[in-house]
Amino acid sequence: MKIAICASEVVPFAKTGGLADVAGALPLALEREKQDVIIIMPRYKAVDSSKFKLKELNDGTSWTTLGDNIKVYFIENDKYFNREGLYQDKNADHKDNLERFAYYSRAALQLLKQINFKADIIHCHDWQAALIPVYLKNIYFDDPFFESVRTVLTIHNIGYQGVFPKDDFPKLGLDWSLFNIEGLEFYGQVNILKGGIEFSDLINTVSPTYAKEIQDKEFAFGLEGLLNKRRDSIFGILNGLDYDIWDPGKDKFIAHKYSIDTLDQKVKDKADLQSICRLPVNKALPLFGIVSRLAGQKGFDILAEGIDEICKMKIQMVVLGTGELVYHDIFKEMAAKYPNVISLNLKFDDSLAHKIYAGSDLFLMPSRYEPCGLGQLISLRYGSIPLVFKTGGLADTVNSANGFVFDNYNELDLVKTVKKAVAAFKNKASWLAQVARAMKCDFSWKASAQKYLDLYAKAKKR
Ligand code: ADP
């Protein structure tokens, strides 16, 4: 099958979150299944042309390869992409995001024609690529080149829909007739993701539970009506994890590689982490890791309420993340109050992230909602026991055998579960058995790639 993956961020070229991990790993897994895959993404300032050996295709496009022979095409436009930040700078969204990703989406379709890639499937990710199905069905509907193409839209997080003022609508180059409830209109504004859901052939989210949840008012951020209308076209496929990148046995960022049979090495990584993070080096204290965007979605509201009580337990905590300033401030206050308990790292740091997964005993991920979540999958692989709220992909991957799960989203249940985990950590034999169960879980991309191929086959029948 010929598959074009369209995503606004792709590992290793540009990343702000889990979308990039998926958009980088799925094509590799599809290539291993002998599929003909290309990737199309914007050429941001941060995409280093010499590091990635970029070559020029034409005036507005460069390319390189990933895996054995996956061509990755970069849509270039200095005005739109040659600046700091993928979507925002200094915590403020770029004001022209609608224009930027409308340009990207149009250019991606033009590119397919230029390179004569007659895709069976264009697999679009999130709102940034959601205009592609809109353009296909409304502008290119009679173009023979696209006659047999089908679109799949993956929603990685329905909390991000690309909503813009009505006045921006003409910049999309679409007829005003599409600015209605059956199109991109959403409470008087333009909603790009809504357009994508309306016009793509099939839709999926990144876990079976989240696929059900988003049809509920509580999780749908206003799109429950449309999602209900399209419920026969909505599927859930759990993300895989790229075990080439996330493997404690060969992780280049950690000093002591380890496996289930050499967990003594993990204890050394813990000591390294404690000293890097200026915490007392002490293997007896359960060390909690957090690697996350600091956002309400990630459960920091209830954690903020419970953190004082948690810090009074005999634990340590390394926090790595950036995000909403309110959580920066809360953690700053707590880190100042409990300097021997919390190490706060308000930044994006891939190397430190790897060290945290390897060096911590537990991984805290109390997300209020979580489409799939990669943090818990990584932590399972590294034998850092996840502690999660039962929602979305967390509910599909963590259970009492490999982690700790709480069912009521509130501070009391969170603190109670942290206490339970701290008590469990003291029993070495049962703890090590739990670590072994966690590390044995298999969330590799192979199974997920197969499910995507089945989904593509379904889309072809539409
Ligand atoms: P989301 O995509 O909602 O942010 P996921 O759990 O799906 O959350 O994916 C987050 C990914 O980003 C993980 O690979 C995680 O390790 C990484 N990550 C998040 N914050 C940071 C950070 N501050 N530094 C390094 N890596 C981070």
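Structure notes:
- Heavy-atom SASA rank of Asp232, Asp244, Asp308, Asp251 (probe 1.4 Å, accessible area, largest first): Asp232, Asp244, Asp308, Asp251
- With Cα atoms, 0 to 90° folded angle of helix 325-337 axis to the chain main axis: 10 degrees
- Annotation for segment 322-426: trypsin sites (Lys or Arg not before Pro) lying in DSSP loop with at most 13 further Cβ atoms inside 10 Å of their Cβ are Lys347.
- Averaging 1/r across all pairs of distinct Cα atoms in segment 264-442 and inverting the result yields a Kirkwood radius of 15.8 Å.
- Computed over the chain, relative contact order equals 13 percent, with contacts defined as Cα pairs under 8 Å that lie 6+ residues apart.
- Coarse-grained scattering of segment 385-462 at q = 0.11, 0.25 Å⁻¹, given as base-10 log I(q)/I(0) from a Debye sum over alpha-carbon atoms: -0.43, -1.15
- Accessible surface of Met365 - all protein chains present, 1.4 Å probe, nearest 10 Å²: 20 Å²
- Too-long pairs where the Cα-Cα distance tops 25 Å, listed order kept, from Lys270/Lys419; Lys270/Lys420; Lys390/Lys440; Lys194/Lys390; Lys212/Lys460; Lys250/Lys420: Lys194/Lys390; Lys250/Lys420
- For the chain, the longest principal axis of the C-alpha atoms and the axis of helix 18-32 are separated by about 70°.
- Overall form of segment 215-308 per C-alpha gyration tensor (a/c, 1.5; a/b vs b/c): oblate
- Segment 1-50: C-alpha gyration tensor shape, a/c 1.5 cut-off, then a/b vs b/c: prolate
- Alpha-carbon centroids, segment 389-462 and segment 39-100: separation in whole Å: 34 Å
- Segment 172-245 and segment 4-18: distance between their alpha carbon centers, rounded to Å: 19 Å
- Counting only protein chain heavy atoms and rolling a 1.4 Å probe, the accessible areas of Phe179, Phe141 rank, largest first, as Phe141, Phe179.
- DSSP-assigned coil residues among GluC sites (Glu not before Pro) in segment 44-131, each with at most 15 further Cβ atoms within 10 Å: Glu84
- Taking the square roots of five times each eigenvalue of the Cα gyration tensor of the chain, the equivalent ellipsoid has semi-axes of 39, 23, 21 Å, listed largest first.
- Nearest-10 value in Å² for the accessible area of Val341, using the 1.4 Å probe: 20 Å²
The values are calculated or read from the model by the stated rules, or taken from the named source; none is laboratory data. All of these numbers come straight from a predicted model, not from anything done at the bench. Heads up, the Cβs are rebuilt from the backbone with ideal geometry, glycines too, and the neighbour counts pull from every protein chain shown. All accessible areas refer to the heavy atoms of the entire protein, side chains included, with ligands and DNA or RNA removed. Shrake-Rupley method; radii C 1.70, N 1.55, O 1.52, S 1.80 Å.
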